[in-house]
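**Student:** Okay, here's the structure, questions in a sec.
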Amino acid sequence: MLIAVDFDGTIVEDQFPQIGRPKIFAFETLREIQKHRHNLILWTERSGKDLEAAVEFCAKNGIEFYSVNASYPEEKYDPSEASRKIICDVFVSHKNLGGMKSWGEVWQDIQEMERLSIEGSKKNGFFSRLFSRLSKPNS
């Protein structure tokens, strides 16, 4: 899965432009997410030196991001050509409706999504998807 994560107020306490204290279990959870081979995107309002400081702070805490403020590493953002919308499966932010879940709840939700994805791929494996398409009449 592609999992985008905000920085200020989500990974760390919101002390912008300074870097706040890490939220309880934030880095432990992010490291566990990476162990499960998910890609993490840092999606933050920070830019320039403030962004570099956040990326460096995360690296010192064992987190290397798949991409930073981009849906994928090669993305080139031009505001005249595209909107600033992230492409991801999950977005973790303190600004979510209902506020920030605990990092334990975030981890449980991601594990449940993993489980459902695995179950779905077993039920709808390659051959069952292929044959279901072949058996449908053309519209």
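The values are calculated or read from the model by the stated rules, or taken from the named source; none is laboratory data. Since the model is a prediction, treat every value here as computed from it, not as a measurement. Cβ atoms come from the backbone with ideal geometry, glycine included; neighbour counts cover every protein chain shown.
**Student:** Might you let me know whether segment 34-50 holds any residue that is in contact (Cβ under 8 Å) with a residue 40 or more places away in the chain, loosely packed, with under 11 Cβ neighbours inside 10 Å and touching an Asp or Glu at 6+ places or on another chain (Cβ under 8 Å)? Can you show your working first?
**Tutor:** So the first thing to find is which residues in segment 34-50 are in contact (Cβ under 8 Å) with a residue 40 or more places away in the chain, and the list is 36, 38, 41, 43.
From the residues that got through so far, the ones that are loosely packed, with under 11 Cβ neighbours inside 10 Å too are none.
Within segment 34-50, none of the residues are in contact (Cβ under 8 Å) with a residue 40 or more places away in the chain, loosely packed, with under 11 Cβ neighbours inside 10 Å and touching an Asp or Glu at 6+ places or on another chain (Cβ under 8 Å).
**Student:** Against the conditions (1) more than 15 Å from Ile3 (Cβ to Cβ); (2) in a helix (DSSP H, G or I), where does Gln108 fall short? Just the number, please.
**Tutor:** (1)
**Student:** If I filter segment 71-86 for residues that are part of a strand (DSSP E or B) and either touching a residue at least 40 places away in the same chain (Cβ under 8 Å) or surrounded by 13 or more Cβ atoms within 10 Å (Cβ to Cβ) (or both), do I get at least one hit?
**Tutor:** Our first condition is that a residue be part of a strand (DSSP E or B); within segment 71-86, this holds for none.
Within segment 71-86 (the criterion being part of a strand (DSSP E or B) and either touching a residue at least 40 places away in the same chain (Cβ under 8 Å) or surrounded by 13 or more Cβ atoms within 10 Å (Cβ to Cβ) (or both)), the answer is no, since none of the residues qualifies.
**Student:** Going by the structure shown, is Arg115 farther than 16 Å from Val5 by Cβ, of a type outside the set (Gly, Ala, Ser), exposed (fewer than 14 other Cβ atoms within 10 Å of the Cβ) and modelled with pLDDT under 95? If you could, list the steps in order and put the result at the bottom.
**Tutor:** On the way: farther than 16 Å from Val5 by Cβ: yes; of a type outside the set (Gly, Ala, Ser): yes; exposed (fewer than 14 other Cβ atoms within 10 Å of the Cβ): yes; modelled with pLDDT under 95: yes.
Yes: the conditions hold for Arg115.
**Student:** I'd like the full set of residues that are under 18 Å from Pro22 (Cβ atoms), of a type in the set (D, E, K, R) and assigned to a loop (DSSP other than H, G, I, E, B), limited to segment 40-68.
**Tutor:** Residues satisfying the conditions are Arg46, Glu64.
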